Amino acid sequence: MSDLAPVLPARSGFVAIIGRPNAGKSTLLNALIGQKISITSRRPQTTRQNIAGILTTGDAQLVFLDTPGFQTQYHTGLTKAMDRGFKNALSEANVVLWLIDVTAREHIDPQIHARLAGAAVPVVIALNKIDKIDNKNQILTFIQALDAAYHPAAIVPISAQNRLQLNTLLQALTPLLPEREFLYPSDDVTTASVRVLAAEMIREKLFRLLGQELPYSTAVEIETFEEKPALTRIRAVILVDKPGQKAIVIGKGGEKLKEIGTAARKDIEKLIGGKVFLELWVKVKQSWADDRRTLDRLGLS
Ligand SMILES: Nc1nc2c(ncn2[C@@H]2O[C@H](COP(=O)(O)OP(=O)(O)OP(=O)(O)O)[C@@H](O)[C@H]2O)c(=O)[nH]1
Ligand SMILES: [Mg+2]
């Protein structure tokens, strides 16, 4: 007889992180993976395509799918593609992780409720941004209301930003995954290519450094990506919708574009662990968000 402890069967599966724009889905993905894979900003609708982050613990592998925030306000080719991303994530998911911002006024969302009812997968609700709540009793009442309305497998209050209660969340998710071998090598952290991630890092700077509505009119396309041991050379184009926007992105004497480029380059260098030469261009492409071929090229269709 062996005196080894019984080995638990491996569990592995997809966890779709869904929720309203700005709930903190991408922040949560990065906090769980321990690395910046998905871009974040203070503005809603930052994420445009599903990004998978892989977390392998001792005997479980959780593949988190970060999705575009669920919205019904806009109807361009782009927002339709974003909505498809949300639906695809739901159809692939073994577990749905529904993230709710406890500080947002609108809590229970009938549209998400309707989508989840049709999905027939276990749901875990995470109440995010509890670091901002002083009166914890308020959360208790809310938890009771959510429990009665949705009967989730678990409800876990968390702070993605301060990494509070993330282990509790993982403990709630893991038993809901199917028993099977790992889907990916255990040291993989994402399924996205560095090329896609580099374009995303640039896009994040547009969201963080450009004012008002401008980031929504922009997209980033990588034209060349040459990886050499000493230096990775990247040439990327920032697409804007109107000629006036091009001047704003470039800024006085090219300063804005330089600021965007420097910030993005630092992130990309961290991502690939090497030196990067980043060349940025701005091009006007009217109505790109409704142009099928452009969306195809951007991987958004
Ligand atoms: N105080 C606080 N802020 C948070 C927390 N998690 C996320 N945030 C902030 O909320 C904002 C939105 O975060 P994101 O992670 O980009 O939100 P998202 O749900 O991915 O948004 P979309 O991609 O637009 O759907 C950012 O400014 C984050 O810093 C949290 O736990 N506490
Ligand atoms: Mg996001």
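The values are calculated or read from the model by the stated rules, or taken from the named source; none is laboratory data. Just so it is clear, the structure is predicted and the values come from calculations on it, not from any experiment. Ideal geometry is used to build each Cβ from the backbone, glycine not excepted, and the neighbour counts take in all protein chains shown.
Taken residue by residue, region 159-169 has at least one member that is under 21 Å from the mean Cα position of the chain (by Cα), of a type in the set (Gly, Ala, Ser), in the same structural domain as residue 35 (by TED's automatic domain parsing) and within 16 Å of ligand 2 (Cβ to nearest atom).
With respect to the numbered conditions (1) modelled with pLDDT under 95; (2) part of a helix (DSSP H, G or I), which one is the sole condition not fulfilled by residue 300? Unmet condition: (2).
Restricting attention to region 272-301, the residues that are small (Gly, Ala, Ser) and in contact with a helix residue (DSSP H, G or I) (Cβ under 7 Å, 6 or more places away or on another chain) total 3. Once region 62-86 is narrowed to residues that are away from ligand 1 (no atom under 11 Å from the Cβ) and assigned to a strand (DSSP E or B), the residue that is nearest to the chain's Cα centre (by Cα) is 65.
Here's the yes/no breakdown for (1) closer than 30 Å to residue 276 by Cβ; (2) at pLDDT below 95:
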{"residue": "112", "(1), (2)": "no, yes"}
{"residue": "138", "(1), (2)": "no, yes"}
{"residue": "147", "(1), (2)": "no, yes"}
{"residue": "150", "(1), (2)": "no, yes"}
{"residue": "160", "(1), (2)": "yes, no"}
{"residue": "169", "(1), (2)": "no, no"}
{"residue": "172", "(1), (2)": "no, no"}
{"residue": "178", "(1), (2)": "no, no"}
{"residue": "204", "(1), (2)": "yes, no"}
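The number of residues in region 49-66 being within 9 Å of ligand 2 (Cβ to nearest atom) and out of contact with any Lys or Arg (no Cβ under 7 Å at 6 or more places or on another chain) comes to 1. Residue count for region 239-275 under the criterion of being aliphatic (A, V, I, L, M), surrounded by 14 or more Cβ atoms within 10 Å (Cβ to Cβ) and without any contact (Cβ under 8 Å) to a residue 60 or more places away in the chain: the result is 8. For region 34-61, the candidate set comprises residues that are assigned to a loop (DSSP other than H, G, I, E, B) and more than 21 Å from residue 207 (Cα to Cα); within that set, the residue that is nearest to the chain's Cα centre (by Cα) is 34.
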